[in-house]
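The values are calculated or read from the model by the stated rules, or taken from the named source; none is laboratory data. None of these values were measured; they are calculated from a predicted model. All Cβ positions, glycine included, derive from the backbone under ideal geometry; neighbour counts span all protein chains shown. We work out accessible area using only protein heavy atoms, side chains counted, and drop any ligands, DNA or RNA first. Shrake-Rupley method; radii C 1.70, N 1.55, O 1.52, S 1.80 Å.
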Amino acid sequence: MILASTELMDVVDWSRAQFAMTAIYHWLFVPLTLGLGFLCAFMETIYYKTGDEFWKRTTKFWMRIFGVNFAIGVATGLILEFEFGTNWSNYSHFVGDIFGAPLAIEGIMAFFLEATFVAVMFFGWNKVSKGFHLTATWMTAIGANLSALWILVANAWMQDPVGMTFNVETARNEMTSFWEVLFSPVAMNKFVHTVTSGFVLASVVVIGISSWFLLKKREQNMAYKSIKIAAVFGLISSLALAYTGDGSGVQVARTQPMKLAAMEGLYDGQEGAGLTVIGLLRPEKERTNNENRFYFDFEIPKMLSWLSFRDGDAFVPGINDLVNGNSEYGMLSASEKMERGRVAINELAVYRDAKKAGDKETMAAIADKFNPATPTGKEFVDNYYRYFGYGYLSNPTDIIPNVPLVFYPFRIMVGLGCYFILFFVMALVFYYRNLLDKYRWMQWLAIISIPLVYLASVSGWVVAEVGRQPWTIQDLLPAVASVSKLNPASVKVTFFIFVILFTTLLIAELMIMFKQIKLGPDTDKKQ
């Protein structure tokens with residue numbers, strides 16, 4: 001049993017803070033490359049088909065913006081992967097056989113695919129044929145998104161662990177079906193939803209930068225054409241983003257009901273639960289029952305039940321149901337799950353003791369319990385091992401994430417997602433009516449939308465990751481059982497070192513980007 005000592009909790013909290021900070025900085029760079037790579041490929045395809053030098057200049061300009069983000073995104077991503085070994089070694093031991101597989105594929109397949117073609121994309125102009133250069137650009141864009149695929153598959157598995165079995169001999173989870181891990185509904189929804197969010201972000205950034213050129217009365221033809229391509233790409237992507245967001249909500253309702261309850265600030269479960277469009281949560285100390293969870297709110301009746309289970313009268317469990325249990329709907333309390341998890345942990349300890357004593361009979365009996373292929377094992381796994389992680393918790397309320405930190409970012413994400421659909425429609429209307437350079441407010445709106453799209457992107461990850469706390473692996477391993485045995489002071493020091501390093505990188509990236517934007521597409525001539 002892992003005791004939640006003060007020193008251990010310091011390591012957990014600082015390790016979580018360090019990983020969260022690294023992930024947020026990483027995600028400031030990555031989504032732009034996911035979408036901008038394809039936008040560059042679209043533009044170069046037009047150049048390849050028409051031979052118009054205008055499209056070559058335009059493509060090279062946007063490639064420079066892509067390149068800055070690509071380089072820094074790779075650097076921060078590598079540090080994230082190292083942290084699994086330095087800060088989260090217990091996690092890596094417990095599930096390394098599964099979690100490591102998609103990350104290894106990402107390194108072998110996608111990373112090398114990008115590394116091979118990105119050099120041709122940037123330095124191969126006039127050195128290779130137009131067709132080969134175009135191929136390199138497309139392969140770089142595809143490679144960046146393949147990298148995202150494998151990383152998101154790994155993350156999705158943490159949200160919904162499937163395709164595995166527990167090996168009592170090694171005390172590790174082992175993969176039984178690679179295809180189940182890869183094609184799980186959670187993984188597929190997460191991948192498409194995340195990459196389309198990157199497409200939307202890149203489209204907004206391109207429109208915003210192009211609008212700056214219109215404000216400055218510079219490169220107006222490039223700005224117009226870039227806005228058209230980005231608006232079309234962005235509108236299609238934003239509609240796909242909304243569709244996959246709905247699918248992701250269905251998966252959250254099925255696999256992570258506590259996250260859904262936190263997203264809605266739903267404390268007591270309801271049949272025909274309404275969807276809260278907007279609301280102001282009461283602090284926990286002021287909340288006494290489900291009726292006064294908000295100071296005010298606007299709700300769409302039965303919509304949450306329908307969106308979650310495609311049934312307007314379906315029961316949606318609330319936070320109290322998940323903590324205290326609900327016998328009417330066959331829901332165990334967190335306390336009962338904790339007891340069952342401790343049974344599984346204790347059986348594993350007995351196995352280790354039997355192994356030391358050479359008691360093969362006891363070892364075989366316990367191994368049979370953890371083997372889902374036997375009747376005894378299936379019953380034990382379904383009723384005890386599935387709650388393994390609960391055995392490391394101290395209190396039933398430990399399963400409740402920070403509700404406001406999930407509730408408000410979810411509404412920011414959804415609200416801005418709806419805004420961007422309207423934004424792209426407006427951009428296309430203004431383009432086809434030749435109004436883009438006549439209304440400065442639209443140009444300023446496009447520029448202001450750049451920080452808004454980053455806010456929406458980061459909010460989505462806050463919902464996804466904060467909403468599943470305290471789990472590193474849903475129901476199987478909490479953060480308190482995942483961390484390395486470290487001195488809290490060392491984690492604090494590295495946290496602040498990374499803050500300084502990443503902030504410096506961010507400032508450097510912004511300075512380089514602003515310089516490239518100011519120079520415009522004729523950088524080669526002006527340098």
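Quick notes on this one:
- Residue check for Thr6: open to solvent by 10 Å² or more (accessible area, probe 1.4 Å), at pLDDT below 90, out of contact with any Ser or Thr (no Cβ under 7 Å at 6 or more places or on another chain) and of a type in the set (Ser, Thr, Tyr): yes
- Scanning segment 256-266 for residues that are more than 10 Å from Val406 (Cβ to Cβ) and either under 16 Å from the mean Cα position of the chain (by Cα) or surrounded by fewer than 18 Cβ atoms within 10 Å (Cβ to Cβ) (or both) yields a single hit, Gln256.
- Restricting the first member to segment 291-313 and to residues that are open to solvent by less than 60 Å² (accessible area, probe 1.4 Å), and the second to residues that are among the polar types (S, T, N, Q), the beta-carbon pairs closer than 7 Å and six or more apart or on different chains are Gly312/Ser305.
- Unique match (being open to solvent by 30 Å² or more (accessible area, probe 1.4 Å), in contact with a helix residue (DSSP H, G or I) (Cβ under 8 Å, 6 or more places away or on another chain), at pLDDT 95 or above and over 30 Å from Ala17 (Cα atoms)) among Tyr419, Tyr439: Tyr419
- If only residues of segment 383-397 that are crowded, with 18+ Cβ neighbours inside 10 Å and assigned to a helix (DSSP H, G or I) are counted, the one that is nearest to the chain's Cα centre (by Cα) is Gly389.
- If you go through segment 159-212 and pick out every residue that is in a helix (DSSP H, G or I) and not charged (D, E, K, R), you end up with 32.
Every residue, every condition in (1) in contact with a strand residue (DSSP E or B) (Cβ under 9 Å, 6 or more places away or on another chain); (2) surrounded by fewer than 21 Cβ atoms within 10 Å (Cβ to Cβ), yes or no:
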| site | (1), (2) |
| --- | --- |
| Gly460 | no, no |
| Gln469 | yes, yes |
| Leu476 | yes, no |
| Ala489 | no, yes |
| Ile497 | no, yes |
| Thr503 | no, yes |
| Leu506 | no, yes |
| Glu509 | no, yes |
| Met513 | no, yes |
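- Restricted to segment 324-340, and to residues there that are open to solvent by 30 Å² or more (accessible area, probe 1.4 Å) and of a type in the set (A, V, I, L, M), the residue that is nearest to Pro396 (Cα to Cα) is Leu332.
- Verdict on Val95 being aliphatic (A, V, I, L, M) and farther than 16 Å from Leu149 by Cα: yes
- Qualifying residue in segment 216-224 (condition: open to solvent by less than 30 Å² (accessible area, probe 1.4 Å) and closer than 30 Å to Ser333 by Cβ): no
- Lone qualifier among Phe66, Phe111, Phe122, Phe117 - being of a type in the set (A, V, I, L, M, F, W, C), touching a Lys or Arg at 6+ places or on another chain (Cβ under 9 Å) and in a helix (DSSP H, G or I): Phe122
- Residue among Phe424, Phe514, Phe495 that alone is in contact (Cβ under 8 Å) with a residue 60 or more places away in the chain, within 29 Å of the chain's Cα centre (by Cα) and under 22 Å from Gly73 (Cβ atoms): Phe495
- Among the candidates Ala354, Ala349, residue that is surrounded by 15 or more Cβ atoms within 10 Å (Cβ to Cβ), at negative phi, among the small types (Gly, Ala, Ser) and at pLDDT below 95: Ala354
- Count of segment 326-366 residues which are over 36 Å from the mean Cα position of the chain (by Cα) and of a type outside the set (Asp, Glu): 14
- Here Asn145, Asn173, Asn189 are screened, and the one residue that is open to solvent by less than 30 Å² (accessible area, probe 1.4 Å), of a type in the set (S, T, N, Q), out of contact with any strand residue (DSSP E or B) (no Cβ under 9 Å at 6 or more places or on another chain) and at pLDDT 90 or above is Asn145.
- Criterion (under 20 Å from the mean Cα position of the chain (by Cα) and open to solvent by less than 60 Å² (accessible area, probe 1.4 Å)) met by exactly one of Val483, Val414, Val453: Val453
- Count of segment 426-436 residues which are open to solvent by less than 60 Å² (accessible area, probe 1.4 Å) and either in a helix (DSSP H, G or I) or modelled with pLDDT of 95 or more (or both): 5
- Residues (under 30 Å from Phe496 (Cα atoms) and either open to solvent by less than 10 Å² (accessible area, probe 1.4 Å) or over 24 Å from the mean Cα position of the chain (by Cα) (or both)) located in segment 34-72: Leu34, Ile65, Phe66, Asn69
- Flag for Phe178 being closer than 18 Å to Phe191 by Cβ and open to solvent by less than 30 Å² (accessible area, probe 1.4 Å): no
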